[in-house]
Amino acid sequence: MRMGALTTAVTLCAVASLATAAGTPPAARSVPAPAAQTAQQPTVLPVLVDCFWHPHIRPADFMLACGDGNSRLTSLRWSQWGTDSARAKGVNWVNDCKPYCAAGRFHAYPVTVRLDHPQPWKKRPQLSHYSRITLEYTDRRPERYAQTVSYPLWD
């Protein structure tokens, strides 16, 4: 009886080892050659971090005022998204907050958007994110806004 139990245990271990080895893809079992490790990695483009800490590349919409939602960008059409900067045209919807923000009305202003100053992102240091946004109003603009305004972006 003892010999049968020992034989069964050895057989089960052998089958488990073979199953594990067969289920592992060949690339996972091999160690890459040093030359392959030094190959140049593709450049990862900076991201735009939204109010919920999600990274985006070329988003169609972007909330500028995360706390109250009183300023947002929509209809963004990106002409450039590079390692140093990004450019788009779109619409900035801004609440006039008259007589107060909850009772205010949103107005649309055409803008050119520029993202720049890429920095490592604290949440995911392997990614860089644009740390500044600049809006240039191409027609009308909200009261008390300059023609061109820049804001730091959150990290």
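Taken together, the values in this text are just the output of simple stated rules run on the coordinates, not laboratory data. From a predicted model like this one, the values you see are computed outputs, not experimental measurements.
Below 30 Å, Cα to Cα, which lysines can residue 98 reach? Residues fewer than 8 away in the same chain don't count.
Within the straight-line limit of under 30 Å, residue 98 reaches these lysines: 89.
Excluding residues fewer than 8 places away in the same chain, name every one of the aspartates and glutamates whose C-alpha is closer than 17 Å to that of residue 123.
Answer for residue 123, where 17 Å is the Cα cut-off: 50, 155, listed by chain and number.
So between residue 96 and residue 136, what do we pick up on full extension, going 0.36 nm a residue minus the alpha carbon distance?
Working: separation 40, 0.36 × 40 = 14.40 nm, distance 1.83 nm.
Taking 0.36 nm per residue and subtracting the Cα distance, the gain is 12.6 nm.
Which shape class, rounded, prolate or oblate, goes with the stretch 68-129 when its Cα gyration tensor gives a ≥ b ≥ c as root eigenvalues, a/c under 1.5 marks rounded, and past that a/b bigger than b/c marks prolate? Please report the intermediate quantities before stating the final value.
Working: a/c = 4.14, a/b = 1.79, b/c = 2.32.
Here the stretch 68-129 falls in the oblate category.
What are the residues whose amide H is under 5 Å from the amide H of residue 127, where those residues sit 5 or more places off or on another chain and H is modelled from the backbone?
Answer set, sorted by chain and number: 121.
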